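Here is the structure we will look at.
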Amino acid sequence: MVKSPCWKIRNVQAPNMEKNMPEHIFPRGKRGIFHADCRYLGQRIRCSFGTTDRRYAERQLAEHKAAIERGDYKTYVGKFEDFAKQYVDQVLPNKSDHSKERYSQIIRTHLLPFFKGKSLAEIDDQLVIEFKLHREKAGAKPSTLKKEFRVLKDIVRLANRGFQLPTVQDYPLMKWGNKPKQFDKSMILEEADFLKIVGFVMKEYQKICLIGMYSGLRLSDVVNLCPKEVDLREGIIGTYQGKTTNWVEIPICKKLKKILSSLVWPLDKSQSFFPGVGTKAVTTNVLRACKKAGFGKHSFKSSRHFAATQLRTAE
């Protein structure tokens, strides 16, 4: 009688496939763009790094792994437009009216068209520099770029608090730092010149321009000016500036007093002298008036420059 063989059953532990799994960084397509397809700590990493540089792709993969270790990988790979909406819904309501309008326009007009569809993991130094070059080519001024980068940084930091913009120390050839503003005589208008511009402004906006001219207030502060902030008897305008929230007291000169006296004063002292007037409409109209008057490089802000020189010469 043939005995059946006796099989010894051994408990063989399967190797840790996750640890032994290769990185799987590989080039794809005609351009050889590196992609990743692997698992780390139970999470699958499957994405394009948008580069043909293997070392750069490996650094990007390391950042993905760091996000998994922090426990915010799903947020890290979220789309830019989702966080832009979160920024608009949750952060902008706490800003001033001027900032709400300006930052919303920046997101809608410049940031979304460029970064839409990108995950936050893809927004790195290289992509930010591409955006900078794109905007400079379109004629964006350094001061405009500064605002756009500020909004971009705030949006990305909703998910990645450690996000930093490239610096001039990292990229010296990019001329990243903004040059300090320099003024010359051509940027300071004479009173007759500014009054000439006001003559081309729509009638409903003319007094707004004149108040800005003789007070030095920002456009948003002029539009929101109300009777409780104006004391004609003491000759003082006292208000919290919308942009800086600083308290300022501005002396009312004779010409400014005449303009303020000609306004229709609302019964409610907290109601604006100019209800329903938006800063965007005034800005656009003043820019057109400047061109018609032959001062194409000027804007409403030139009224602040004029007021500053008047205060300086009055000292």
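The values are calculated or read from the model by the stated rules, or taken from the named source; none is laboratory data. From a predicted model like this one, the values you see are computed outputs, not experimental measurements. Methodologically, a virtual Cβ is constructed for each residue, glycine included, from the backbone with ideal geometry; neighbour enumeration extends over all protein chains shown.
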Subset tally (residues that are touching a residue at least 40 places away in the same chain (Cβ under 8 Å) and farther than 21 Å from Tyr171 by Cα) for the stretch 105-150 | 5
Quick one: which of Gly242, Gly276, Gly238 is surrounded by 14 or more Cβ atoms within 10 Å (Cβ to Cβ) and of a type in the set (Gly, Ala, Ser)?
-> Gly242
Those residues of the stretch 245-264 which are within 12 Å of Cys226 (Cβ to Cβ) and either of a type in the set (Ser, Thr, Tyr) or exposed (fewer than 14 other Cβ atoms within 10 Å of the Cβ) (or both), in sequence order | none
Does the stretch 146-166 hold any residues that are surrounded by fewer than 16 Cβ atoms within 10 Å (Cβ to Cβ) and closer than 14 Å to Leu127 by Cβ, and which are they?
-> Lys153, Gln164, Leu165
Please work out if Phe274 is assigned by TED's automatic domain parsing to the domain that holds Gly212, part of a loop (DSSP other than H, G, I, E, B) and within 27 Å of Ile236 (Cβ to Cβ).
-> yes
Reported set for the stretch 54-66 where residues are closer than 11 Å to Ile25 by Cβ and acidic (Asp, Glu) is Glu58
Among the residues of the stretch 201-230, how many are touching a strand residue (DSSP E or B) at 6+ places or on another chain (Cβ under 7 Å) and more than 24 Å from Tyr103 (Cα to Cα)?
-> 3
